[in-house]
Each structure stands twice: as C-alpha cells, then as structure tokens.
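Asker: Dropping the structure in here first, questions after.
Just so it is clear, none of the values below were taken in a lab; they were calculated from the coordinates. Remember, predicted model here, so these are calculated numbers, not experimental data. Don't worry about glycine lacking a Cβ; one is built from the backbone with ideal geometry, like all the others, and counts go over all protein chains shown.
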Amino acid sequence: MSLEEIYQVLPDDQQLIIKGCIAGDRASQQKLYNLYARKMMGVCLWYARNREEAEEILQDGFMRVFTYISTYKGKGSFEGWIRKIIVNAALFRYRNRSHLRAVVEYNPEEHDVKESASVIEILEAKELIKLVQTLTPRYRMVFDLYVLEGMKHREIAELLGISEGTSKSNLADARAILQKALQVNKKVAGLYFAYE
C-alpha cells in the first residue's frame, strides 16, 4: 500500500498531521500528541507502578511514534499502531531493568483456579488499575499482555524471554493476588458502610 493509499483511509485532518510529523513539524507532533495522549495514558497506567512512571512511558512511546511514523503502513487502525508502540515502550522499560525473572514454573494442579467471577467484571477501571499497579512488574506485564492485549502465553513468553509455563504461572499468581485483594477491598467496604 502506497503512502497516498494509506492517507485515503484516514480523515483529512489526520492525513495532514501525519504528513507534518513525517516532515518533523513540531506543531503537527503537538496535534498528534493532543489527539492520542489521553487514551494512551490509560494504556500506560496499566503497565506502570504509578502515574509518574506512566507519564515517562507515555513520553518514551510518543518519541518512538514520532521517530517511526514514516513506517506506518496502513495495516489496522492508526490508533492501534500507536498503542502497539506505547505497549512496546512499556515492555522495553521493564526488559532493561531485568525485573522479569521466573519465580516458579507453571503447575496446573496449583495454578488452575476456578474463578466464581472475573476480577475485571467486578471492579471499576480505576480500582482495577490501582490493584494491578500493586502487582510485581513480572506479574503485571504478563497479566496486562494476556488480559488487555489478548496475547497467547507462547507470544508473551517469546516477548518477555521466559518460558510458556512461567507465563501461565505468573498469570495464575497475578489473578490469585487480585482475587485476594478484591476480597480484602470488599471487607473494608463492608465495614465502611456498616458504620455509616
């Protein structure tokens, strides 16, 4: 697909912004940032320990967007392309810090837990983000890649340089931690409302 064909499927204003970004125009870069920063900040919050770290990931991600914008080929949505770069910026940050180490290998008897209700279905997004941010970096990354990005354990293992079994184990452990935190939150909320 040629650059002109790619531009045909995008709205006129986005076409101009992308062309400006490719040319290195700062005003176009600012417009692109303003257009997508809020949504991408939401993505960053899932992968970060706190808001400050999420902001750093967002900045790193957008620097990569501006660097590689000329490589956008029109496959999938432009927003999806930006999201992938932001997620990769988060992964790059954790790979470089060597936080991702195998703790235990996956054991189906120990890690396959029947859940009565999904943690995601019960909590609101802000509550869930706060709980996910309490997970260790390796658990958070596996959980986010599996739940949010829809990746398979094979893909996660390859991406993070761990075994498929470790990916499964980390996901099961992350879910168990979130379930336990959810139970604690329910008890605290029950006590709060009982004394009102």
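Asker: Can you compute the charge dipole magnitude of the range 140-182 about its Cα centre, using +1 on each Lys and Arg Cβ and -1 on each Asp and Glu Cβ, nothing else charged? Give it in debye, rounded to the nearest 20. Write down the numbers at each step before the final one.
Answerer: Values: 6 positive and 6 negative charges, 40 e Å.
Dipole magnitude for the range 140-182 comes out near 200 debye.
Asker: Same structure again: Provide the packing ranking of 87-93, 130-136, i.e. peptides ordered by the mean count of other C-beta atoms within 10 Å per residue, highest first. Mind showing how you got there, number by number?
Answerer: Working: 87-93: 19.6, 130-136: 17.4.
Listed from highest to lowest mean packing, they are 87-93, 130-136.
Asker: Order of 39-50, 164-175 by packing, highest average Cβ count within 10 Å first?
Answerer: Numbers: 39-50: 19.3, 164-175: 21.9.
Descending packing order for the listed peptides: 164-175, 39-50.
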